[in-house]
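Accompanying notes for the structure given below.
Read the figures in this text as sums done on the coordinates, not as results from a lab. Fair warning: this is a prediction, and the values are worked out from it, not measured in the lab. Note that we place each Cβ from the backbone using ideal geometry, even for glycine, and neighbour counts take in every protein chain shown.
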Amino acid sequence: DVKHNHLKLKPAVFSKDSCYLPPLRYPATCTFKGSLESEKQQYIIHGGKTPNNELSDKIYVMSIVCKNNKKVTFRCTEKDLVGDVPEARYGHSIDMVYSRGKSMGVVFGGRSYIPSAQRTTEKWNSVADCLPHIFLVDLEFGCSTAYILPELQDGLSFHVSIARNDTIYILGGHSLANNIRPANLYRIRVDLPLGSPAVNCTVLPGGISVSSAILTQTNSDEFVIVGGYQLENQKRMVCNIISLEGNKIEIREMETPDWTPDIKHSKIWFGSNMGNGSVFLGIPGDNKQTLSETFYFYMLKCAEDDVNEDQKTFTNSQTSTDDPGDSTPFEDSEEFCFSAEANSFDGDDEFDTYNEDDEEDESVTGYWITCCSTCDVDINTWVPFYSTELNKPAMIYCSHGDGHWVHAQCMDLAERTLIQLSEGSSKYYCNEHVKIARALQTPKRVLPLKKPPLKSLHKKGSGKIL
């Protein structure tokens, strides 16, 4: 949340019944609202790159189960699909369409690794455009169906998709096979009768050439496209207003924002929609002759009455060790994924308001705990220690007694040991309980030594036994 030119981050955790959600890069995301009033808004996540640089074909459904003044609790579940399951990919899109009281997810585009039979040591991470198929995904029954449309001939990735009712508009994108950003504009309509769905595509004139752009909605019928690239190393500084009215779509240039010199001279930029016509933009800090690990953030407001407002600048406390010069701008730049509206934390959810009822026992559920007598992890000064940490310290579960969580760094765990303990199911005991735990272990059963029986010897003429 951004208030009074300050960026505030609200802590988020996952419920105990959630599945593991890896930190994905370039997944396809969208929001989904069920037909029933009681159904809360959900977030659909598909594909993306995993931390070990593999591609995911999984689909996750995430929803908010609890939100208070202190933090937000999410529930994440994995959805199994049958049928024509989309292959693992990234840089694609997923949108929800609604027709005749039913809903479907629509997956399109993206890139995937070349087939395993063609992967060699030199080409192990080579990618190719996915086939330009349209996948309809029924989230209720977990089935997927692929459609081949003659109008879609080339694969696309990092395009812009706009969903409205039963229609999706596909704009721009990058074709890896031809290395071009064609001025595409497709209208895909999905009809969901009682029988089989009907999918048709229409090629429309007036498209734009852009990839990796950011889309924000200013009102019910109007969107704004910001950022992106028109060439591999050339940012697209022009913004476009997209108006939807009935079956018509109109794309026109917006008055160019008053970009700051730092944004103009930056080779790469990245960001995401924050709702209410606001876009969050970031550039590497080396453009300001400061530490190259630092990023600087800007807020661009695209609403009609705020078009000419100067960008607000923010400095982040999270750093990156990636060299921006080694990145491919349209694909490997950093990215955000904000799905909540910009004012979702207003009112009763004011950050600075303390409510004792919101307190929880963080000795079990929280990361910001005192795990041992020598624990020095401070929420205000903590910085990542392990490469697997993003914004919270790594923790490990001690199995002594009823069990409790401890910080891996406080236990002096090597990163290799931390990964092994996280992946395995073996019990772990912290430094304070390891001796007690060892004492409680049942000693291994030792077979008694076999001793030969004593023989009785009688001396002749004597009744004594020697």
Separation of the ASP258 and SER63 label points, Cα + 7 Å toward Cβ, nm: 4.6 nm
How large is the charge dipole for the range 9-211, taken about the Cα centre, if only the Cβ atoms of Lys, Arg (+1) and Asp, Glu (-1) carry charge, to the nearest 20 debye? 860 debye
Label VAL238 and ASN52 with points 7 Å out from Cα along Cα→Cβ: what is the distance between them in nm? 4.5 nm
FRET efficiency, 1/(1 + (r/R0)^6) with R0 51 Å, evaluated for LEU447 and GLU87 via beta carbons: 0.35
Across 10 Å bins from 0, what is the distribution of all Cα-Cα pair distances for the range 83-181, in whole percents? 15, 44, 30, 10, 1, 0
Can you tell me, using C-alpha contacts under 8 Å and at least 6 residues apart, the relative contact order of the range 389-435 as a whole percent? 39 percent
Using 0.36 nm per residue, how much length does the chain from ALA437 to LYS8 gain when fully extended, once their Cα-Cα distance is taken away? 150.2 nm
Is the range 201-245 best put as rounded, prolate or oblate by its Cα gyration tensor, with a ≥ b ≥ c the root eigenvalues, rounded for a/c under 1.5, and otherwise prolate when a/b is larger than b/c, oblate when not? oblate
What shape does the range 161-250 have by the C-alpha gyration tensor, where a ≥ b ≥ c are the square roots of the eigenvalues, rounded means a/c under 1.5, and otherwise prolate means a/b greater than b/c and oblate the rest? oblate
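At 0.36 nm per residue, minus the direct Cα-Cα distance, what do GLU250 and HIS265 gain on full extension? Give it in nm, one decimal, please.
Numbers: separation 15, 0.36 × 15 = 5.40 nm, distance 3.06 nm.
Contour length minus the Cα-Cα distance gives 2.3 nm.
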The range 370-391 to the range 218-256: how many Å between their Cα centroids? 43 Å
Three principal axis extents, largest first, for the C-alpha atoms of the range 1-105, in Å? 46, 40, 31
Here the equivalent ellipsoid of the range 9-211, derived from its Cα gyration tensor, has semi-axes (largest first, whole Å) of 28, 23, 16
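Mind jotting down a quarter of the surface of the convex hull over the alpha carbons of the range 389-435, in square nanometres, one decimal?
3.5 nm²
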Measuring from label point to label point, each 7 Å out along Cα→Cβ, what is the SER196 to ILE419 span in nm? 4.7 nm
At R0 = 30 Å, how high is the FRET efficiency between SER426 and SER15 if r is their beta carbon distance? Nearest 0.05 is fine. 0.75
From the Cα trace of the range 15-75, what convex hull volume per residue do you get, rounded to a whole Å³? 110 Å³
Taking alpha-carbon centroids only, the range 162-188 lies from the range 1-29 a number of Å equal to 28 Å
Quick one: dipole size for the range 217-301, taken about the Cα centre, charges +1 on Lys/Arg Cβ and -1 on Asp/Glu Cβ, in debye to the nearest 20. 180 debye
